[in-house]
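Some notes on the structure that comes next.
The values are calculated or read from the model by the stated rules, or taken from the named source; none is laboratory data. The model shown is predicted, which means the values in this text are computed figures rather than measured ones. Note that each Cβ is placed from the backbone with ideal geometry, even for glycine, and that neighbours are counted across all protein chains shown.
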Amino acid sequence: MNDSGGSDFEQRLKFLVQFAQMDLDVLRPGSWMNLRDDLQVFLQGEPQRGDLITQLKDTSMQEYPERAIKSLQGILKILVSQAADASEDRTGRLKKVFGIPTYLSVRADFHVIRHPGDFVQLAISGKLSDVFLFKTLFLLSLAPIEPIKECPECGKIFFRQDKRQKFCRRRCANLAATKRFDKRKRAKKGRRK
C-alpha cells in the first residue's frame, strides 16, 4: 500500500487487485505481518475526501486469523473479476454491468459526519469482514471501468496503468504478438499453395 505512484484512490484499487491475486498459501510469517499491516492501512488509513471512515467492532487486523483473510480474499476475487468483466462500448456506456453476487451480505452501522465547510463523510462501523467488504464495494463502485482488466493472454486480473495497456505484463504481450505473427505466417504460407 505504500507505493508512491498515483492517487490514494488508485493505490487502494491497486492494492485490492494485488491482494486478490496473491497466493496466500506460500506466505511466510513476515509476509503475513506485512499483509495484515497493508490491510489495516486499507481499512483504517487516513481517510481522504470522499472516502469512508471505518471503525472495527470485533478485532484488530493483527489478530485476524489467516483462514478469515483467505475467506475475504475469495470474495474479493469474485468482486474484482466482475469489475474486470464490466466493459464499455465506444460511446462510454456500459455494455456489461458490474454485478454483486447474491450471497454477499454486509451488516454494519452507518452514520454521516459533517465537517466544517459542509464537507460530509460516511462512517461505517462493524465486524472487520463487513467493513472490508463494504469499503471494497464502495471503492469498486466509484472506480472508472478502465483500470481493472483481465489479461487476454493469461487470464490474470490486473490494474491497467493507462488505456493502451492490454496485457498484464510484457511477457504476455510478447506471447500474444508471437501468436499473431505465427498465425499470419501460416495464413500466408497457406495462400501460396
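Observations on the structure shown:
- The combined condition, being acidic (Asp, Glu) and modelled with pLDDT of 85 or more, is fulfilled by ASP182.
- Some residue of the range 141-159 being assigned to a helix (DSSP H, G or I) and not acidic (Asp, Glu): yes
- Among the residues making up the range 105-122, those that are touching a strand residue (DSSP E or B) at 6+ places or on another chain (Cβ under 8 Å) and exposed (fewer than 15 other Cβ atoms within 10 Å of the Cβ) are ARG107, ASP109, PHE110, HIS111, VAL112, ILE113, ARG114, HIS115, VAL120.
- Complete set of residues in the range 152-164 that are touching a strand residue (DSSP E or B) at 6+ places or on another chain (Cβ under 8 Å) and without any contact (Cβ under 8 Å) to a residue 60 or more places away in the chain: ARG160
- Where ASP51 falls short, out of the listed (1) part of a helix (DSSP H, G or I); (2) surrounded by 15 or more Cβ atoms within 10 Å (Cβ to Cβ): (1)
- Long-range neighbours under 9 Å by Cβ, at least six apart or interchain, first residue closer than 20 Å to GLN21 by Cβ within the range 165-182, second assigned to a loop (DSSP other than H, G, I, E, B) and among the polar types (S, T, N, Q): ALA173/GLN165
- Filter result (more than 18 Å from PHE19 (Cβ to Cβ), among the small types (Gly, Ala, Ser) and touching a residue at least 60 places away in the same chain (Cβ under 8 Å)) within the range 109-151: ALA123, SER125, GLY126
- Residue, nearest to GLN40 (Cα to Cα), within the range 60-73, restricted to residues that are exposed (fewer than 11 other Cβ atoms within 10 Å of the Cβ) and modelled with pLDDT of 90 or more: PRO65
- Scanning the range 95-136 for residues that are among the aliphatic types (A, V, I, L, M), at pLDDT 75 or above and in a loop (DSSP other than H, G, I, E, B) yields VAL106, ALA108.
- Hits in the range 23-47 (condition: part of a loop (DSSP other than H, G, I, E, B) and either surrounded by 14 or more Cβ atoms within 10 Å (Cβ to Cβ) or touching a Cys at 6+ places or on another chain (Cβ under 6 Å) (or both)): LEU27, GLY45, PRO47
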